[in-house]
Amino acid sequence: MSKAVTARIADGVSAIPAPDWDACAGSANPFVSHAFLSILEKSGSARSRTGWQPVPIIVDGPDGKPAAIAPAYAKSHSQGEYVFDHAWADAWERAGGRYYPKLQIAVPFTPVPGPRLLLRDAGQAPALIAAIEAVTDQHGLSSAHATFVSPDQVPAFEAAGWLIREGLQFHWQNQGYATFDDFLGELASRKRKAIRKERAAAVEGLTIRHLTGVEITEAHWDAFWVFYQDTGARKWGQPYLTRSFFSLLGQTMPDQILLILAERDGRPIAGALNLIGADTLYGRYWGCTEDVPFLHFELCYYQAIDAALVRGLKTVEAGAQGEHKLARGYVPVPTWSAHYIPDPGFRRAVADFLGQERAAIEMDQEFLGTMTPFKKG
C-alpha cells in the first residue's frame, strides 16, 4: 500500500449500527442495505457454517464512524457466487496451493450488480481497496474477489491493479414505454405475436396477483418456500436460503418486496419474488408446483415488465444467465468482477485466462445484440 490505512473487521453486518451502514450503502440498491444483509445473517443463510462467514471491512472517517465499508465474506467454497472460479481453485490446488479460504466482496447468493465499495466518503475508495488487500495478505488468503461490481466502481479496482473479469446478463430496459403494448410495438411482428400467444397460454385458468407490503402473509411465504425449495433442489442440490429468511424479509423490508403469484382456484401454484430498487425491479427467485407452459416467462419476465411500467422503473434485472430472455425483449449487458491475486505466477495464469475469456464474451455480446426481437432499421 502506498500509505498506511487503518481499517477494522466487524463481527458481521449486524454488529454495525444500521444508520452507519446505510450512510455508506445509500438507498438505491436494496441488496447492499443493512436490512437485507443482516437478514441473511439472522436467518442463518450466510454464516460460517454455510461457508459464508461475514467479515465486513471498515475504514472509519475522522468522526469515528464508517466512511467506507466492504461487504466481505470469508469463503470456504465457491458456491452461491455466480461468477465461477472452480477451475482457478483446481489449478491452484494442483500446484500445491490452498485456494480456500478466500475473501469474497459480494452479496451472498445474489447475482445483482451493485456497489461493492460502500462509500460515505467517495475519496476513501482507494483506502478501502488497500484494506481489502491487507486483510487478504495478512491472513494468507489466496485471493479476494469483488463480484457483480457496478460499472462506475470498476475503474477504482482497475486503478489498484486488480484483474477485471467480464460477464453477461440480460436486462429489460424501459425506453420510455407507458404500457406493455408500447413495448410490444417496438418488436418485430413475429416476435410480438409470439409473446402475446405465450402470455395467453400461460395465464389460462389462472389468477395472477401482485402482492407487496402487508398484503404478504405467512401463508404466502409458506407457499413460496415450497416453490423456492423445488427450484433450489433442481439447481443447487439444496436451497441456499432458510425458511426464516423469507419471514424476516417480509417483516423488515415489506415495501421493497413484490411477490407475484399464480393461483388456480385460489391456491398458489407458482410464484416469483422481486425486490424494488430506486430505478430497477430485481427478479430473484421463482418456483412452481404445477408445470404450466410459459408460466415461468409470464411471472418472471412479462409480469415484471408490467410491474416496472406501473412504477416508472427504468430496468428489470431478471437474474443470471438465460439466453431465452433475449426473445422476450431482455438485451445483453456486460457485468464485471474484480480479482486480487497476490501470487505473481498464479496472477499471470489467471490474467491469461481472462484475456481469452473476455474476447469470447465480447464476441458473444456482439452476436447476441444482433438477435434481439426489436425491429431492425
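The values are calculated or read from the model by the stated rules, or taken from the named source; none is laboratory data. Quantities reported herein were computed from a predicted structural model and do not represent experimental measurements. Here the Cβ positions follow ideal geometry from the backbone for every residue, glycine too, while neighbour counts run over all protein chains shown. What goes into the accessible areas is simple: the full protein's heavy atoms, side chains included, and nothing from ligands, DNA or RNA. Shrake-Rupley method; radii C 1.70, N 1.55, O 1.52, S 1.80 Å.
List the residue pairs whose Cβ atoms are under 7 Å apart, where the first residue sits in region 202-217 and is at positive phi and part of a strand (DSSP E or B), the second is surrounded by 15 or more Cβ atoms within 10 Å (Cβ to Cβ) and not β-branched (Val, Ile, Thr), and the two are 6 or more positions apart or on different chains. Between residues of region 202-217 that are at positive phi and part of a strand (DSSP E or B) and residues that are surrounded by 15 or more Cβ atoms within 10 Å (Cβ to Cβ) and not β-branched (Val, Ile, Thr), there is no close pair.
With Leu163, Leu184, Leu128 as the choices, which residue is of a type outside the set (Asp, Glu), without any contact (Cβ under 8 Å) to a residue 24 or more places away in the chain and open to solvent by less than 30 Å² (accessible area, probe 1.4 Å)?
Working: Leu163 fails: without any contact (Cβ under 8 Å) to a residue 24 or more places away in the chain; Leu128 fails: without any contact (Cβ under 8 Å) to a residue 24 or more places away in the chain.
Answer to the selection: Leu184.
Scan region 131-143 for residues that are open to solvent by 10 Å² or more (accessible area, probe 1.4 Å) and part of a helix (DSSP H, G or I) and the total you get is 5.
Restricting attention to region 365-375, and to residues there that are out of contact with any Lys or Arg (no Cβ under 8 Å at 6 or more places or on another chain) and surrounded by 13 or more Cβ atoms within 10 Å (Cβ to Cβ), which single residue is farthest from Glu166 (Cα to Cα)? Top of the filtered list is Thr372.
If the requirement is being over 18 Å from Pro111 (Cα atoms) and touching a residue at least 40 places away in the same chain (Cβ under 8 Å), which of these qualifies: Ala308, Ala278? Step through it out loud before you land on a result.
Values: Ala278 fails: over 18 Å from Pro111 (Cα atoms).
Among Ala308, Ala278, only Ala308 is over 18 Å from Pro111 (Cα atoms) and touching a residue at least 40 places away in the same chain (Cβ under 8 Å).
Scan region 327-346 for residues that are part of a helix (DSSP H, G or I) and surrounded by fewer than 17 Cβ atoms within 10 Å (Cβ to Cβ) and jot them down. Write out each step before concluding.
Residues of region 327-346 part of a helix (DSSP H, G or I): 327-328, 344-346.
Pro344, Gly345 - these are the residues of region 327-346 that are part of a helix (DSSP H, G or I) and surrounded by fewer than 17 Cβ atoms within 10 Å (Cβ to Cβ).
Filtered by the rule that a residue be in a helix (DSSP H, G or I) and within 18 Å of the chain's Cα centre (by Cα), region 241-300 gives Phe245, Phe246, Leu249, Gln256, Cys300. Counting only residues that are in contact with a Leu (Cβ under 7 Å, 6 or more places away or on another chain), part of a strand (DSSP E or B) and either open to solvent by less than 10 Å² (accessible area, probe 1.4 Å) or modelled with pLDDT under 95 (or both), region 58-109 holds 7 of them. Can you spot a residue in region 8-30 that is open to solvent by 10 Å² or more (accessible area, probe 1.4 Å), part of a strand (DSSP E or B), touching a residue at least 40 places away in the same chain (Cβ under 8 Å) and under 21 Å from Ala338 (Cβ atoms)? There is at least one residue in region 8-30 that is open to solvent by 10 Å² or more (accessible area, probe 1.4 Å), part of a strand (DSSP E or B), touching a residue at least 40 places away in the same chain (Cβ under 8 Å) and under 21 Å from Ala338 (Cβ atoms). I'm trying to understand the selection: among the residues of region 31-43, which are surrounded by fewer than 22 Cβ atoms within 10 Å (Cβ to Cβ) and assigned to a loop (DSSP other than H, G, I, E, B)? The one that is surrounded by fewer than 22 Cβ atoms within 10 Å (Cβ to Cβ) and assigned to a loop (DSSP other than H, G, I, E, B): Ser43.
Among the residues of region 78-96, just one is free of Cβ contacts under 8 Å to residues at least 40 places away in the same chain and at positive phi, namely Gly96. Within region 301-316, track down each residue that is under 12 Å from Ala278 (Cβ atoms) and part of a helix (DSSP H, G or I). Matches in region 301-316: Arg311 only. Here Ile361 fits the description: of a type in the set (Val, Ile, Thr), surrounded by fewer than 20 Cβ atoms within 10 Å (Cβ to Cβ), within 24 Å of the chain's Cα centre (by Cα) and in a helix (DSSP H, G or I).
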